[in-house]
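Here is the structure we will look at, set down as structure tokens.
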Amino acid sequence: MRILLFAVLAVIPPSLIGTLVWQGRKTPPTEHAPAAARPSGQEADATLRALFEAPPAGVKLKEKVALYDEKGLFDYIDGAAPIFIDRHFRKLAASEMATPEGSDLVCDVYDMATPENAQAIFDKEKSTTAKFVDGWPEAIAGPMSFVFHHTRYYAKLTAFDAKAEAALPVVARSLKEKMR
Amino acid sequence: MTDRDPPRPGDVVPESRLREGGKNASGGDGAGADGIDRRALFRVGLTAAVAAGSVALGLGLRARDGHGRGKTLPKLKDHRVDKVQGALEMAIVRGPDPAANVRRAVEAMGGMGRFVKRGERVVIKPNIGWNRLPEQAANTNPEVVAEVVKLVAAAGASKIWVTDVSVNTPEQCFARSGIEKAAKAAGAIVVRPDAPAFREVDVAGKLLRTADILFPFVEADRVINIPVVKQHGLSGATMAMKNWYGMLGGQRVKLHQNIHLSIVDLASMIKPTLTIMDATRILLANGPTGGSLADVKQMDTIAVSSDEVALDAFGAGLLGLSPTSLGFIVEGMKAGLGTPEWRNLKFEELGG
């Protein structure tokens, strides 16, 4: 009788905790990328931030660069996040910039962990009518946007007027040179 | 009885004997004359204390997640109006002027006076989620929003709110979309999603139980949804039902774990008066964020109905998608929110 009583009482706590925690939480996102291929967190974050340390040519930073991880990515791109996460996304650096004339543009650089992953998301997102940049087959210039991939990074630049749009190729090349 | 004799029923066992080397009179661990000694009681007590602690911890976790709270949370009102015999159930208008399209479509549905009465408070919910220009088609067209505000004001509304929970920085989204300026100029109060703007309500859904939502949705007499039509990476498309994500506070990642059911949960919670779907420009790819004009298609279309499932089915067609390929449309139909067979409704197509 005592053994039974102890057994019942012993089973209650783990069962209760397990059930309640399970109710409010789902399985964390699966880790997709091979661990060996992924750069270490702190070092990779520092490299990502360094892309913006000296603002790209022809623009100035309007705000501090914001970093988003897998979980936070939904708060920045909402339902587009799983497409990146499925392709081994590691971290995003998002920055709003302005030209000297005050025209705004947004620069999002995704660290995709490996060059293959960066190419994969580039291929996924490119429009069927995409216009590749002359002499730069990893870049697409669309109206009001400029998208490219280089090393493990995938960059999306968005302009909000014609002056900012004209600055996009310069900013893109400046970023590319810093991507190692 | 000697000290070493086992006790018999009715014997008095000296306390000193119970303490001997942890052994009881019968030679077992912890059992006294009545079957339980202090050590056993201690174990039972300790286990019970751990169990009680676990219950408290569990209830704490549960409460932190918004479940099982003692207080009664408000539920949202039913904002729908009674159906009118013979009235249109859906109107679709095509033309180059977005404001004129809105006027014609609402007029065809019986006029705004059918949906908003004098003195009522009305909340208008466009998509203002993104730091994007109107041309990039990630947000509702500001001309459409302004025209709806004007129609609601002309119907005699005492207060008109325009609000949304932006995904990107609200200040940027409200300004860049052109909606804040257009809505204010048309006479609306624009509510940005700052922390004090939220109230906790009972959702009572399959996935969502409670939610923090923008206060105008709690206070308003009428609710008008003005979604834009976009491709969406996870749900396939975002149109009328998905637009309700934008009245919620909190982290969005939780909502996306079962996106189709959570869309339907929200659409079941809020029963809008009218939905005015903006397909002036639609986003065909890279949604919901967009950015490149290469992904945008000019459609010059406005569709109006109080059946959100029907409107979403119509919008899916504009995106080149089969309505039944979208989980939230199928789930919405199952939940009784409407029909994807929009052509079975009493509808009219104008312009073109």
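Throughout, read-outs are computed from the coordinates displayed, never taken from laboratory work. Computed from a prediction, not measured in an experiment: that's the story for all the values here. Here the Cβ positions follow ideal geometry from the backbone for every residue, glycine too, while neighbour counts run over all protein chains shown.
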If one puts a single equal scatterer on every Cα of region B:90-350 and applies the Debye formula without solvent, what log₁₀ I(q)/I(0) results at q = 0.14, 0.15 Å⁻¹?
-0.87, -1.03
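Can you check how the C-alpha radius of gyration of region B:87-158 compares to 2.2 N^0.38 Å, as a plain ratio? Before the final figure, lay out each step's value.
Values: Rg = 13.2 Å, N = 72, 2.2 N^0.38 = 11.2 Å.
Normalised by 2.2 N^0.38 Å, the Cα Rg of region B:87-158 equals 1.18.
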As straight-line cross-link partners of A:Lys176, the qualifying lysines (C-alpha separation under 22 Å, not fewer than 8 residues apart within one chain) are A:Lys60, A:Lys62, A:Lys64, A:Lys91, A:Lys124, A:Lys126, A:Lys131, A:Lys156, A:Lys163
Taking Rh as the Kirkwood radius computed over C-alpha pairs, what is the Stokes-Einstein D of region B:211-253 at 10 °C in a medium of viscosity 1.306 mPa s, expressed in µm² per second?
135 µm²/s
Over region B:268-321 - Rg/Rh using Cα atoms and the Kirkwood inverse-distance radius
1.02
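Once the convex hull of the alpha carbons of region A:55-137 is built, what does its volume come to per residue, in cubic angstrom?
On the way: hull volume 11.1 nm³, N = 83.
Spread over its residues, the Cα hull of region A:55-137 gives 134 Å³ apiece.
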Using a basic spin-label model with each label point 7 Å from the Cα along Cα→Cβ, how many nm lie between B:Lys159 and B:Glu219?
0.3 nm
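For every other residue with a beta carbon closer than 14 angstrom to the beta carbon of B:Ile302, add +1 if it is Lys or Arg and -1 if Asp or Glu, then tell me the sum.
Details: positive: B:Arg94, B:Arg103, B:Arg104, B:Arg281; negative: B:Asp97, B:Glu107, B:Glu143, B:Glu147, B:Asp278, B:Asp300, B:Glu348, B:Glu349.
Local net charge: -4.
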In whole Å, what is the distance between the alpha-carbon centres of region B:130-183 and region B:277-333?
19 Å
Taking Cα atoms only, Rg over Rh for region B:67-216 with Rh from the Kirkwood formula is 1.00
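What is the local net charge at A:Lys60, summed over the other residues whose Cβ is closer than 15 Å to its Cβ (Lys, Arg +1; Asp, Glu -1)? The partial results should precede the final answer.
Numbers: positive: A:Lys62, A:Lys64, A:Lys163; negative: A:Glu53, A:Glu63, A:Glu96, A:Glu101, A:Asp104.
Result for the local shell: -2.
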Most exposed first by the Cβ proxy, i.e. fewest other Cβ within 10 Å, how do B:His232, B:His256 rank?
B:His256, B:His232
Placing each pseudo-label 7 Å from Cα in the direction of the beta carbon, A:Arg49 and A:Ser174 end up separated by a distance in nanometres of 2.0 nm
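Averaged over A:78-89, how many beta carbons belonging to a partner chain fall within 10 Å of each residue's beta carbon? Walk me through the numbers on the way to the answer.
Working: counts 19, 19, 10, 6, 4, 3, 1, 0, 1, 0, 0, 0.
Mean partner-chain Cβ count within 10 Å for A:78-89: 5.
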Grab the other residues whose beta carbon is less than 14 angstrom from that of B:Asn101, score K and R as +1, D and E as -1, and report the net.
-3
Distance between modelled label sites at A:Ala7 and B:Val330, nm, 7 Å Cα→Cβ extension:
4.5 nm
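What does the average come to when, for each residue of peptide A:139-145, you count the partner chain Cβ atoms lying within 10 Å of its Cβ?
Values: counts 0, 2, 2, 7, 8, 10, 8.
The mean count of partner-chain Cβ atoms within 10 Å per residue comes to 5.
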